[in-house]
1. Which numbered condition trips up residue 150, out of (1) in contact with a strand residue (DSSP E or B) (Cβ under 6 Å, 6 or more places away or on another chain); (2) more than 15 Å from residue 216 (Cα to Cα)?
2. Can you tell me which residue among 210, 217, 161, 233 is touching a helix residue (DSSP H, G or I) at 6+ places or on another chain (Cβ under 9 Å) and farther than 18 Å from residue 257 by Cβ?
3. Can you tell which of 289, 199, 281 is under 30 Å from residue 154 (Cβ atoms), modelled with pLDDT of 85 or more and either touching a His at 6+ places or on another chain (Cβ under 6 Å) or surrounded by 14 or more Cβ atoms within 10 Å (Cβ to Cβ) (or both)?
4. Condition test on residue 213, is it touching a residue at least 12 places away in the same chain (Cβ under 8 Å) and over 15 Å from the mean Cα position of the chain (by Cα)?
5. Go through the residues of the stretch 213-222 one by one and say whether even a single one is more than 21 Å from residue 183 (Cβ to Cβ), modelled with pLDDT under 90, among the aliphatic types (A, V, I, L, M) and not in a strand (DSSP E or B).
6. Under 8 Å between Cβ atoms, which residue pairs at least 6 apart in sequence (or on different chains) link something in the stretch 144-161 that is over 28 Å from residue 71 (Cβ atoms) with a partner that is modelled with pLDDT under 90 and assigned to a loop (DSSP other than H, G, I, E, B)?
7. Given the criteria among the basic types (Lys, Arg), more than 18 Å from residue 27 (Cβ to Cβ) and either buried (at least 16 other Cβ atoms within 10 Å of the Cβ) or at pLDDT 95 or above (or both), does residue 158 qualify?
8. In the stretch 25-43, which residues are within 20 Å of residue 89 (Cβ to Cβ) and either part of a loop (DSSP other than H, G, I, E, B) or in contact with a Cys (Cβ under 6 Å, 6 or more places away or on another chain) (or both)?
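The values are calculated or read from the model by the stated rules, or taken from the named source; none is laboratory data. None of these values were measured; they are calculated from a predicted model. Positions of Cβ are generated from backbone atoms using ideal geometry, with glycine treated the same way; all protein chains shown enter the neighbour counts.
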Amino acid sequence: MIENQEEQQKQVKEQIINERIYVGEINKLAVYRKSEPGIYLISEDREEVLLPNAYVTNEMELGSFLDVFIYTDSEDRLVATTLDPYLYVNEFAYLEIVDTAPFGAFVDIGLPKDILVPKNKQRSIFHKGHSKVLKMILDEKTDRLIATEKYTLEQDIKDLKEKDEVEILVYSKTPLGYKVIVNDLYDGMIFHTEIFENVYFGDRKRAYVKKIRDDNKLDISLQEIGKKVKDDKVYELLVQNGGKMNFTYKSDAQDIKKAFGVSKKAFKATLTKLLNDDKIVLEDNCIRVKS
């Protein structure tokens, strides 16, 4: 019996709950008490927050620990949810505009309550049904979560070096390429000449740092730096398409990019390797897997 009690105490100590409750973030909190509208969770500083019955399960016993997202309800009271929103505070996402009003617009963040983009936080016109890349922040006056189109990105790049893998969010197109937000912090660009796949506004992708420029902006590549295209990718697509595709060394670069996701130069090098390995046959107007 004593051993079981000691083991339980050890398990509880290993569970670390938040010192305080943080709005717009995932919080680890303890189940403190039950009530008619749900269960109350508590942080280390004894602040309480309600988890409504809609999210309560039988496994949520007193003293157990939960990871919950914290936001405010329509009456500005803290509320918890086990749902995971599209973004957390100080992060960016491509959010759909679900309603507009004279004082602002409302966007869907994946929770029952939409959040406001105040009029003074908008740079452009907001139309219901459209989507925009926005940042979620805490309103300094009300401590409510809001979204903003007016944001600045970090200018001092400290934690990245060339060839590092990063996460990007595509937010704008220019004559040079697509502008991206890197790791929710920095400004980056993917040049059109570096793109060999479909890219759309709001896309989140894995990418790589090609160059850190003198102006502290990043040149980004969707392909791993220094890594050549694998010939098995082209070969697998050939097999999937019945062993034959209407491509040759002379095929259009855009058609190659659309079909294989590689540049014409890389495609031609791959064909040469596959021919040398005796895996394919090159005909006048097609390539096919060698039987």
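1. All conditions are met except number (1).
2. 210
3. Only one candidate qualifies: 199.
4. It is false that residue 213 is touching a residue at least 12 places away in the same chain (Cβ under 8 Å) and over 15 Å from the mean Cα position of the chain (by Cα).
5. no
6. 155/216; 156/216; 157/216
7. The answer is no for residue 158.
8. 25, 43
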